[in-house]
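For reference, the structure is listed below as structure tokens.
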Amino acid sequence: MKNFAPQTIRLQDYRVPSYLVSKVELVFDLGDDFTEVSSKLTVVKNPNSDGGPFLLDGDSLEFRSIKLNSKGLQ
């Protein structure tokens, strides 16, 4: 895990999120040497936002796959 210096977040810098997560489903496969987590997110555009990219962010994770409406993306 990386150690980052804390960042100050000011109210004036707040932006309405571009997307809202309305549902999260998680499945955990707990092993002796690793843990695999599968997730299914239901995400909708926020009508109160001006838009923006949908970003997935993670640290020390191995990306396996992504699907949109049950279709694989590359």
Hey, any idea what % of the chain's accessible area is carbon plus sulfur with a 1.4 Å probe?
-> 52 percent
Over the chain, give the accessible area per residue in Å² for a 1.4 Å probe, as an integer.
-> 105 Å²
For Val16 and Lys67, compute 0.36 nm times the residue count separating them, minus their Cα-Cα distance, and round to one decimal in nm.
-> 15.8 nm
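Taking the chain, how much of its Cα-Cα pair set, in percent, is spaced more than 21 angstrom apart? Spell out each step's value before the answer.
On the way: 1315 of 2701 pairs.
Everything past 21 Å amounts to 49 percent.
How high is the relative contact order of the chain? Use alpha-carbon pairs under 8 Å, at least six apart in sequence, and give a whole percent.
Details: 64 pairs, mean separation 20.2, N = 74.
For the chain, the relative contact order is 27 percent.
The values are calculated or read from the model by the stated rules, or taken from the named source; none is laboratory data. Predicted model only: the values in this text are computed from it and were never measured. Heads up: the accessible areas ignore ligands, DNA and RNA and are worked out on the full protein's heavy atoms, side chains in. Shrake-Rupley method; radii C 1.70, N 1.55, O 1.52, S 1.80 Å.
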